[in-house]
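The values are calculated or read from the model by the stated rules, or taken from the named source; none is laboratory data. Bear in mind the structure is a predicted one, so any value in this text is a computation, not a measurement. A quick note on method: Cβ atoms are made from the backbone with ideal geometry, for glycine too, and the neighbour counts reach across all protein chains shown. Heavy atoms of the whole protein, side chains included, go into the accessibility calculation; ligands, DNA and RNA do not. Shrake-Rupley method; radii C 1.70, N 1.55, O 1.52, S 1.80 Å.
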Amino acid sequence: MDSKVTMKISGMSCAACAAKIEKKLNKLAGVKRATVNLASEKATIEYESSELKVAAMINSIETLGYKAEREEDLSWDREKEEQEKEIRRLRTEVFISAVLSSPLILAMILSLMPVHLVIFDYLHFLHNEFFQLLVATPVQFIIGSRFYRNAYYSLRAKSANMDVLIAMGTSAAYFFSLYNVFFQSVPQGMMKDLYFEAAAVVITLILLGKYLEAVAKGKTSEAIKKLIGLQAKTARVIRNGREEDIPLENVDVGDIVVVRPGEKIPVDGRIVEGSSSIDESMLTGESLPVEKKTGDNVIGATINKFGTFKFEAVKVGRDTALAQIIRMVEEAQGSKAPVQKIADQVSGVFVPVVAGIAVLTFLIWFFVLGNLTSGIISAVAVLVIACPCSLGLATPTAIMVGTGIGAENGILIKGGEYLESAYKLNAVILDKTGTITKGKPEITEVVSLGQLAENEVLRLATMAEKKSEHPLGVAIYEKGKQEFGLLADPQEFEAIPGRGVRALIDNKVVYMGTRKLMREKGIDPSAIETDIIKLEDEGRTAMLLAADNKIEAIIAVADTVKENSRAAIEDLQKMGLEVFMITGDNKRTANAIARQVGITNVLAEVLPEKKAEEVENLKKQGKIVAMVGDGINDAPALVMADIGMAIGTGTDVAMEAADITLMSGDLRTIPAAIRLSHKTMIKIKQNLFWAFIYNIVGIPFAAMGLLNPMIAGAAMAFSSVSVVTNSLRLKRYKPI
């Protein structure tokens, strides 16, 4: 059976670590696909549960020297606590390391001073080799123990990562200095060649970089924190005949929950008593409260504005709408964009290549130029500057921020690959009903053509459409319910997709639907064609009612265009995208709606099962296509498109099939999502450029002896911090 698991991994230090774990997991029998994200410190694994157990995957990760834990076993609070603990530990280590390194830096500065000051006489002890050894050793082996430990595990797994480079570089500087402390002979008054400050300062700067990086990475996941903060902490439930407040996690399906004005709704459910106005803006982005009554659904974390009501809990815990949104955003932040493959491929071979360059640098300096000291220092500088951290952070940090901003604005992007694909779109197909229009059509006219009175026509139509799920059928049923109250079910019912319905009522065969349906059933609508055309030219959908093989009436139904549809479509066209409208309606009705919103490309009379074919036809023309829809019948087309966008006010099936979910029904979120994709991809490209340029420029400079190891360490730390900071600048962007 296909399964998916997300694991939290601790101990990764650079892109090479992530690449190593990913390679190990993908080699396991039963793993279909594994991706490891350095920025979120998570692995997402798709696997065959009959062949492989989660425990075996955790064990394989831990043999590499990292810790792994199933994410669902790790509460958000605990995860947050561990992040804060790591930040505190790094801050303490940076402080201690900086204090111990300061005398070494000061000694180096004093030795470079061109003039002698009186104060130098009091600081002469700073140049004492044993004093320098005393302060450098704790930095090297206590503060720096993490690098040795991680390097050991990495080499044991027959690979190399950043820790190997740091351990090699600082050890070379430390042990060369240690050798000189005991064995180098220098004339009286001269100082020995000591580079303790290089090793100690490199460790300090790298830890400082890691600390700043950890703080910045914490900010990239602020969107998740905000979403989690929306949840209520407690719920008031009725148990044993009385109300009691209980923790949110103790609410069970079937519990009756009481909500008073101003309170958050704790879980998803259905109102069983009372009514209210509810602020659903956290989910849909709609600022106006929504009226709710008995029988209506309510969503956890939305806010009850006015009335008191009781509702039955239907979805709790990880099944609530908010929990699913959080999970979707987490998965998106843990995913990879295809552009990251470049960095992954480079990271896989980067460390061994750099180690080779460092050895070659030493050999040239020592054997060709005859300078042992410069050889060691240059090799150390090469090892230190060439850390692949920034490469590993370039893409995932931007994706984390981009998907986070999307979530805050009601745009849920399922993964980095969709963020990248949206960047390339040049055509958008919009479903008409429920996407361009409100999807809540109303009857505008009932035209009786035979012996039946208008109210009898409406009665038959209401009964025929009682079990229909089509928006037009629902509109007729709702109108009839207002007029007649509850009516009996038809004796027989059959939905005919894309055409209408057939029902048996009072022993009469009743057809309700399009002209195509009537012709298929041998009923000729040509006598009323003029009346139908007139209604369709006005943008109304004409539905025909036939009883006992005779057309008895035309029922005109109109679906109004959403307020922002025209503005959104103009926005898309200004961005250079071709906009198409797809609908099952006839051409006249479709063109009337298209004219209202400024669309010239109309795909009309398309049956539900043919929508995916229309998407495929556009793709064959070389277009990169987004399909936007809200209904069950849109799901195949959403899957077929390069990017499927589901309107969040639609069905769960559409949202499951889509790559991007637009939580509100506002079409302006479509261009907003595409613009967000553009902005994020620009950040990713900037990050990759800077990550590569640091190494391309830095390594030759270091090899030529033009870069002190301390400056190399600072540059390496700065490269990682600058990449994360550049991604964080995206947080200022407002897509809508």
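Quick one: which of Gln324, Gln333 is open to solvent by less than 30 Å² (accessible area, probe 1.4 Å) and either closer than 30 Å to Val259 by Cβ or at pLDDT below 70 (or both)? Full working, then the answer.
Values: Gln324 fails: open to solvent by less than 30 Å² (accessible area, probe 1.4 Å).
It is Gln333.
Only residues that are open to solvent by less than 20 Å² (accessible area, probe 1.4 Å) and either closer than 13 Å to Val99 by Cα or hydroxyl-bearing (Ser, Thr, Tyr) (or both): list them for region 136-150, please.
Ala136, Val139, Ile143
Residues in region 539-566 that are surrounded by 15 or more Cβ atoms within 10 Å (Cβ to Cβ) and free of Cβ contacts under 8 Å to residues at least 60 places away in the same chain: how many?
Result for region 539-566: 5.
Given the criterion in contact with a helix residue (DSSP H, G or I) (Cβ under 7 Å, 6 or more places away or on another chain), of a type in the set (A, V, I, L, M) and farther than 30 Å from Ile684 by Cα, identify the matching residue among Ile436, Ile399. Full working, then the answer.
Values: Ile399 fails: farther than 30 Å from Ile684 by Cα.
Going through Ile436, Ile399 in turn, the sole match is Ile436.
Any residue in region 439-452 that is closer than 30 Å to Asp634 by Cα and among the polar types (S, T, N, Q) sitting within a Cβ distance under 8 Å of a residue that is open to solvent by 40 Å² or more (accessible area, probe 1.4 Å) and not in a strand (DSSP E or B)? List the pairs, counting only those 6 or more apart or interchain.
Close Cβ pairs satisfying both conditions: Thr444/Arg540.
Can you name the condition, by its number, that Glu478 falls short on among (1) farther than 25 Å from Asn591 by Cα; (2) open to solvent by less than 70 Å² (accessible area, probe 1.4 Å); (3) under 40 Å from the mean Cα position of the chain (by Cα)?
(2)
Counting just the residues of region 421-445 that are part of a loop (DSSP other than H, G, I, E, B) and open to solvent by 30 Å² or more (accessible area, probe 1.4 Å), which one comes out modelled with the lowest pLDDT?
The selected residue is Lys440.
When you check Glu408 against the structure, is it farther than 30 Å from Lys479 by Cα and surrounded by 20 or more Cβ atoms within 10 Å (Cβ to Cβ), yes or no?
Working: farther than 30 Å from Lys479 by Cα: yes; surrounded by 20 or more Cβ atoms within 10 Å (Cβ to Cβ): no.
Criteria not met by Glu408.
What strands (runs of 3 or more DSSP E), lying completely within region 472-569, carry at least 1 residues that are out of contact with any helix residue (DSSP H, G or I) (no Cβ under 9 Å at 6 or more places or on another chain) and basic (Lys, Arg)?
The qualifying strands (runs of 3 or more DSSP E) are 550-558.
For region 489-543, which residues satisfy the criterion of being among the hydroxyl-bearing types (Ser, Thr, Tyr) and under 45 Å from the mean Cα position of the chain (by Cα)?
The answer is Thr514, Thr541.
Out of Ala355, Ala379, which single residue is at pLDDT 80 or above, surrounded by fewer than 23 Cβ atoms within 10 Å (Cβ to Cβ) and not in a strand (DSSP E or B)?
Ala355
How about region 87-114: which of its residues are at pLDDT 85 or above and polar (S, T, N, Q)?
Within region 87-114, Thr92, Ser97, Ser101, Ser102 qualify.
Taking the condition of being part of a loop (DSSP other than H, G, I, E, B), over 20 Å from the mean Cα position of the chain (by Cα) and surrounded by 15 or more Cβ atoms within 10 Å (Cβ to Cβ), how many residues in region 1-38 meet it? Before the answer, list the steps.
Applying the first criterion (part of a loop (DSSP other than H, G, I, E, B)) to region 1-38 yields 1, 11-14, 28-30, 38.
Among the residues that remain, those that are also over 20 Å from the mean Cα position of the chain (by Cα) are: 1, 11-14, 28-30.
If we keep only those that are surrounded by 15 or more Cβ atoms within 10 Å (Cβ to Cβ) too, we end up with 11-14, 28, 30.
Of the residues in region 1-38, 6 are part of a loop (DSSP other than H, G, I, E, B), over 20 Å from the mean Cα position of the chain (by Cα) and surrounded by 15 or more Cβ atoms within 10 Å (Cβ to Cβ).
Would you check if Ile61 is in a helix (DSSP H, G or I), out of contact with any Ser or Thr (no Cβ under 7 Å at 6 or more places or on another chain) and modelled with pLDDT of 85 or more?
yes
Hey, among the residues in region 459-471 that are without any contact (Cβ under 8 Å) to a residue 40 or more places away in the chain and part of a helix (DSSP H, G or I), which one's surrounded by the most Cβ atoms within 10 Å (Cβ to Cβ)?
Only one residue fits best here, namely Thr462.
Restricting the search to region 434-487, which residues are in contact with a strand residue (DSSP E or B) (Cβ under 9 Å, 6 or more places away or on another chain) and among the polar types (S, T, N, Q)?
Thr435, Thr437, Thr444, Ser448, Gln451, Asn455, Ser468
So which pairs qualify, if the first residue must be in region 666-685 and under 14 Å from Lys424 (Cα atoms), the second must be charged (D, E, K, R), the Cβ gap must be under 7 Å, and the two must be at least 6 apart or on different chains?
Pro671/Asp571; Met681/Glu420
Can you pull out the residues in region 675-716 that are touching a Cys at 6+ places or on another chain (Cβ under 7 Å) and not in a helix (DSSP H, G or I)?
none
Against the definition (of a type in the set (S, T, N, Q), modelled with pLDDT of 85 or more and open to solvent by 60 Å² or more (accessible area, probe 1.4 Å)), how does Thr302 come out, yes or no?
no
Go through Ile532, Ile599, Ile569 for me and flag whichever is under 21 Å from Ala475 (Cα atoms), crowded, with 19+ Cβ neighbours inside 10 Å and touching a residue at least 12 places away in the same chain (Cβ under 8 Å). Can you show your working first?
Numbers: Ile599 fails: under 21 Å from Ala475 (Cα atoms); Ile569 fails: under 21 Å from Ala475 (Cα atoms).
None of the others qualify; the one that does is Ile532.
Under 6 Å between Cβ atoms, at least 6 apart or on separate chains: pull out the pairs that start in region 235-264 with a residue that is at negative phi and part of a strand (DSSP E or B) and end on any residue that is among the basic types (Lys, Arg) and crowded, with 17+ Cβ neighbours inside 10 Å.
Glu243/Arg236; Asp245/Arg236; Ile256/Lys310; Val258/Arg236; Val258/Lys310
Give me the residue from region 573-589 that is under 17 Å from Leu667 (Cβ atoms) and in contact with a helix residue (DSSP H, G or I) (Cβ under 7 Å, 6 or more places away or on another chain) and, out of that set, most open to solvent (accessible area, probe 1.4 Å).
Met575
Report, by residue number, each residue of region 39-88 that is under 30 Å from Leu208 (Cβ atoms), of a type in the set (Lys, Arg) and open to solvent by less than 90 Å² (accessible area, probe 1.4 Å).
Of everything in region 39-88, those that are under 30 Å from Leu208 (Cβ atoms), of a type in the set (Lys, Arg) and open to solvent by less than 90 Å² (accessible area, probe 1.4 Å) turn out to be Lys42, Arg78, Lys80.
For region 674-697, indicate whether the set of residues that are open to solvent by 30 Å² or more (accessible area, probe 1.4 Å) and more than 29 Å from the chain's Cα centre (by Cα) is non-empty.
So far as region 674-697 goes, yes, one or more of its residues are open to solvent by 30 Å² or more (accessible area, probe 1.4 Å) and more than 29 Å from the chain's Cα centre (by Cα).
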